[in-house]
Every structure is written in C-alpha cells, then in structure tokens.
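Asks: Okay, handing you the structure first.
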Protein chains: 2
Amino acid sequence: VSGPVTAGFSGGGGLAAFPVPGLPEIRRGDDLAALIAARVPLAPGDVVVLAQKVVSKAEGAVVRLADVDPSPRAVALAERLGKDARQVEVVLRESVEVVRAERGVLITRTAHGFVCANAGVDASNADEGTVVCLPADPDASARAIRAGLPGRPAVVITDSFGRAWRHGQCDVAIGVAGLVALDDHAGRLDAGGRPLQATAIAVADEVAAAADLVRSKAGGEPVVVVRGVHRFVTSEDGPGAASLVRPPAEDLFP
Amino acid sequence: VSGPVTAGFSGGGGLAAFPVPGLPEIRRGDDLAALIAARVPLAPGDVVVLAQKVVSKAEGAVVRLADVDPSPRAVALAERLGKDARQVEVVLRESVEVVRAERGVLITRTAHGFVCANAGVDASNADEGTVVCLPADPDASARAIRAGLPGRPAVVITDSFGRAWRHGQCDVAIGVAGLVALDDHAGRLDAGGRPLQATAIAVADEVAAAADLVRSKAGGEPVVVVRGVHRFVTSEDGPGAASLVRPPAEDLFP
C-alpha cells in the first residue's frame with residue numbers, strides 16, 4: 001500500500017490523503033475510473049474521493065443557460081434574491097422544496113434529499129454560459145466508478161455544503177460505494193463501560209472533509225485518494241450516502 | 001517532518017494524521033502540552049488536534065451530578081425529554097438559549113455561541129456520577145496548549161456535533177490557535193477565471209473531521225497530529241474557532 005506522496009507510510013493507525021496528479025479537464029463521456037487507474041496505484045482498503053463537479057461533467061449533468069426558459073416563479077425568486085432567473089429555474093427543477101429564500105441565499109431540498117444552497121447547481125469551474133448540476137443518482141455514480149477501479153477501493157463523491165449556525169463550507173459525501181457511510185455506535189460502550197453518547201459517526205462526511213484539505217479550490221485536483229480507513233471499507237457497495245440523509249419527518253429544522 | 005507512523009511521508013501536496021500514543025487518563029491539572037510533547041516529535045507546520053473531553057478534564061470542567069439541584073424548568077424539560085433533571089440543569093447553565101427540545105433531543109446555543117446537543121455536556125468517558133462540560137473558553141485553551149508545545153504547531157480542540165438534515169455526527173473545531181479556521185475565498189477565481197461560488201472553507205472543521213478518522217471512539221486516542229496543512233498554519237494565534245460561529249442575527253435556522 002504505497003502511493004507517490006505517501007511512499008513509506010505504514011498506515012498503522014494513521015491516515016494519509018494525496019491528490020491524483022495530472023488529470024485532464026473532464027468532458028462528457030470521459031471514463032473517470034480509467035483516468036484515475038492510469039495515474040495512481042490503488043489498493044483494496046483505499047478510498048477514492050471525487051469532487052462532484054467532475055462526476056457531473058463526465059455524466060453530462062450540465063445545462064446551457066441560453067436553453068433555459070425561466071418560469072414566473074423563478075423570475076420572481078431571482079428578482080428577490082438578486083440572482084440569474086435562468087439559474088434559479090435550474091435550481092427549482094433540481095429541487096423538491098424551497099427551504100429558505102432570504103438575504104440572497106436560496107436553500108432547497110434536492111430530489112436526492114440533500115439540503116444545500118442552490119440545489120448544488122454551480123457556475124464555478126464550468127464552461128462559460130453553463131451551470132453544473134449534481135449527478136442524478138450520486139450513489140449509482142459511485143458504484144459505477146468503483147466497478148471500473150482495480151482493487152475495488154471505496155468511492156466517495158463530494159460537494160461543499162454550508163451549515164446552519166456555522167460559517168464556512170465543509171465537503172460532505174453525496175455519493176458512496178463500498179464505505180460505511182454512517183458508523184452506528186448504538187449499544188457500544190466507552191472505556192469505562194458506559195454507553196457512548198455519540199451514537200453514529202458520519203464517516204463518509206469526515207472522509208470528504210479530509211480529502212478537501214489536500215485540494216486546491218481552483219479546481220485543479222478534483223480526485224483525492226484517502227488511505228488508512230480500511231476498517232470502514234466493505235466488499236459490498238452498501239447503502240451509500242442515502243444513509244446520511246435525515247428524512248424531513250425526522251428533522252427538527254424544516 | 002516525520003512521526004512514528006508517517007516516517008518517510010514527504011508531505012508534498014498530501015496530508016497525514018496519526019494518534020499520539022500512550023497518553024494516560026487525563027486528570028484535573030494535567031499539563032497536556034507536556035504530555036503530548038513527551039510522546040511525539042512536533043514540527044512548526046503540524047496541527048495538534050485534541051478531543052474536547054481531555055481539555056475539559058485537565059481544566060476541571062467536570063460537574064458531580066450529586067451536587068446539582070435542578071431548577072423547576074430543568075425538571076420539567078427533563079420529564080418531557082426523558083432525561084436526568086440534574087444533567088438538564090447543567091445543560092441549561094451552559095446555555096444562553098434552548099433551540100429545540102423535542103423527541104428526546106435538547107439542542108441549545110452555548111455561551112460560546114455553538115449550537116449543539118446538550119450544550120456539549122456529556123457523561124460518556126466521564127467518571128461515574130459526573131458529566132463533562134465544554135471548556136469555558138476553548139480558544140483560550142487552544143492558545144495556552146499551543147504556548148506549551150515545542151515548534152509552535154497549531155492547536156485545534158474538537159467536539160462531535162450533530163447536523164441539521166444529515167444523520168450522524170462529525171467532529172468540528174470548538175477551539176483554535178495558530179490555524180486559519182475559516183479560509184475566505186471571496187474574490188478568488190476558478191481555473192477558468194470565474195468567481196468561486198464557495199466563498200469560505202471551514203478549514204478547522206475539516207481538520208477536526210480528518211483527525212476523528214484515526215481515533216477510536218472508545219476514548220483511548222484523544223490527541224491526533226495532522227501533518228500537511230502547513231499552508232493554513234500561522235505564527236499568530238489568530239481569531240480562533242470564534243470565527244466559525246455564525247451569529248444568530250445572520251442565521252436562517254433559528
């Protein structure tokens with residue numbers, strides 16, 4: 001288990017993360033698994049972490065704003081928020097519910113169940129006049145990429161989400177294959193034999209956050225390998241990032 | 001720059017994290033900086049990440065439940081939520097506002113401004129009959145620990161917080177010294193020259209999450225060294241985790 005950056009890293013109780021070097025600009029139809037496999041040796045316990053943007057581009061989840069005819073609702077929302085009505089229209093098409101629309105911020109619940117700004121629709125690192133949407137089924141995207149990677153590493157697809165009550169964004173997992181996304185501690189005990197109060201750790205979100213630290217936001221390093229979390233890597237693809245979505249009926253912050 | 005686990009790790013564009021081995025059970029008055037410095041070689045670009053529990057224990061932020069006389073409000077809340085009234089009393093004393101009290105969950109805003117379950121008051125990994133509170137001023141705690149560490153590494157104090165809309169907890173930063181907690185991208189451009197939509201990254205929260213991945217939740221490994229994020233490490237202590245707190249007036253989810 002050694003990569004270009006972490007040669008000599010023993011992995012005993014530690015974690016390492018490094019970017020996959022030299023990936024080209026990703027276009028519709030590109031085989032991400034093949035592009036990654038050609039650039040980095042992968043082992044079964046590794047996790048390959050991909051920024052959503054490259055997955056969406058490879059899948060063609062890109063909309064030309066010139067082709068978008070905004071609805072009256074989108075026009076009204078865009079006017080109120082100071083946004084492009086065509087972009088708001090794309091956001092509404094990707095959403096099942098507007099959660100907040102205030103102070104220039106549009107937070108919605110996407111069809112996948114994610115609550116985030118602009119339904120994840122983003123113009124940065126996109127071609128002029130286009131916006132990039134989230135993959136239609138990010139867990140399926142993760143499974144497909146995993147199937148193409150030698151050594152069956154886990155795959156996590158990430159996006160940067162804002163949070164209630166805290167400034168700044170953190171990367172979180174929107175698609176997962178082959179990783180325990182949610183590590184449920186219910187029933188486990190602490191060192192003194194008392195029940196652990198933290199009952200579930202969002203492992204895939206913590207992997208997403210770790211990977212983000214080795215990336216430059218300018219978009220040049222969209223794929224990162226995380227090594228040393230093999231205890232969470234599974235042979236089955238598993239329930240994916242869907243297991244991280246809290247259903248609206250259970251949520252205290254609708 | 002080499003540690004016991006990551007010997008040979010070059011750090012060029014990559015990240016490594018490993019637990020500090022062999023720490024004793026922490027008691028009131030223990031010198032955490034000295035205990036850490038005796039167990040791991042530290043370099044200026046390193047980040048030392050400590051679980052809140054050991055910092056609180058060293059500072060004596062521990063309450064014996066037998067000494068707590070719950071107020072009528074605490075008794076009523078505890079009854080409604082199925083909690084210990086003395087523990088609820090401690091939570092209320094640590095809080096400036098109850099944000100939600102439903103379905104067995106008590107979410108408050110602490111005096112520091114953090115919104116989290118039970119104001120961070122926790123009985124796991126605590127002595128029988130006691131609960132551990134958050135440090136009174138976690139940024140000051142981080143600065144004090146930093147001052148005692150050779151090589152002036154950055155210091156991050158973490159706790160596990162739940163999130164709105166997502167299952168599971170992630171570790172976040174509640175105290176920071178010597179690290180850019182919030183990396184503000186406002187005005188920066190993407191690879192194509194367009195403004196980046198994600199304007200600020202919660203670097204300290206991502207460091208906290210990365211560190212949590214190398215810890216066992218049973219509490220045996222409360223301190224982790226994160227290496228490779230030296231571009232965010234500063235000589236000044238800086239504004240700390242306070243810069244991650246979104247004031248209630250700015251928040252869309254009161």
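Every number in this text was worked out from the coordinates using simple rules, so none of it is lab data. Keep in mind it's a predicted model, so treat the numbers as computed, not measured. When we count neighbours, we look across all protein chains shown, and the Cβ atoms used for this are built from the backbone with ideal geometry, even at glycine.
Asks: So how do B:Thr199, B:Thr110 line up by other beta-carbon neighbours within 10 Å, fewest first?
Replies: Numbers: B:Thr199 17, B:Thr110 21.
Ascending number of Cβ neighbours within 10 Å: B:Thr199, B:Thr110.
Asks: May I have the pair-distance distribution P(r) for the stretch A:29-96, computed from all Cα-Cα distances with 5 Å bins from 0 and rounded to whole percent?
Replies: Here the calculated profile for the stretch A:29-96 is 3, 14, 17, 16, 11, 10, 8, 9, 6, 4, 0.
Asks: Further, regarding this structure: Given R₀ = 56 Å, what would the calculated FRET efficiency be for B:Arg64 paired with B:Asp251, taking r from the Cβ atoms and rounding to 0.05?
Replies: The computed FRET efficiency comes out at 0.95.
Asks: Could you work out how far helix B:203-212 tilts from the main Cα principal axis of chain B, as a 0 to 90 degree angle to the nearest 10?
Replies: The angle comes out near 80 degrees.
Asks: Against the 2.2 N^0.38 Å scaling, with N counting residues, where does chain A land? I'd like the Cα-based Rg ratio to two decimal places.
Replies: Its radius of gyration relative to the 2.2 N^0.38 Å reference: 1.05.
Asks: Could you line up A:Asp46, B:Asp171 from fewest to most neighbouring Cβ atoms inside 10 Å?
Replies: A:Asp46, B:Asp171
Asks: Could I have the simple spin-label model distance between A:Thr234 and A:Arg39, label points 7 Å from Cα toward Cβ, reported in nm to one decimal?
Replies: Roughly 2.9 nm, to one decimal.
Asks: At 7 angstrom along the Cα-to-beta-carbon line, where would the label on B:Gly60 sit relative to the other copies? Give the distances in nm, shortest first.
Replies: 6.9
Asks: Reachable aspartates and glutamates from B:Lys83, Cα under 19 Å, same-chain residues fewer than 8 places away excluded?
Replies: Answer for B:Lys83, where 19 Å is the Cα cut-off: B:Asp67, B:Asp69, B:Glu94, B:Glu97, B:Glu102, B:Asp122, B:Asp127, B:Glu128, listed by chain and number.
Asks: If you don't mind, another one. Tilt of helix B:138-147 relative to the longest C-alpha principal axis of chain B, in degrees (0 to 90, nearest 10)?
Replies: 40 degrees
Asks: Round to the nearest 10 and give me the degree value, 0 to 90, for the angle of helix B:72-81's Cα axis relative to the longest principal axis of chain B.
Replies: That works out to roughly 70 degrees.
Asks: Here is a follow-up. Mind giving me the nanometre distance, one decimal, between the label points for A:Ala242 and A:Ala147, set 7 Å out from Cα along Cα→Cβ?
Replies: 1.6 nm
Asks: Between B:Glu25 and A:Val75, with labels modelled 7 Å along Cα→Cβ, what's the label distance in nm to one decimal, could you check?
Replies: Calculated label separation equals 7.1 nm.
Asks: Further question on the same structure: Just the number: Rg to Rh for the stretch B:114-232, Cα atoms, Kirkwood Rh, two decimals.
Replies: 1.02
Asks: Using a label point 7 Å beyond Cα on the Cα-Cβ vector, give me the inter-copy distances for A:Asp84 in nanometres, one decimal, shortest first.
Replies: Distances to the matching label points in the other copies: 5.6 nm.
Asks: Between the DSSP loop rule and a limit of at most 10 other Cβ atoms within 10 Å, which GluC sites (Glu not before Pro) in the stretch B:42-139 are left?
Replies: Of the GluC sites (Glu not before Pro), the ones in loops of the stretch B:42-139 whose Cβ has at most 10 other Cβ atoms within 10 Å are B:Glu128.
Asks: Along Cα→Cβ at 7 Å, what distances in nm separate the B:Arg39 label point from those on the other copies, shortest first?
Replies: 3.8
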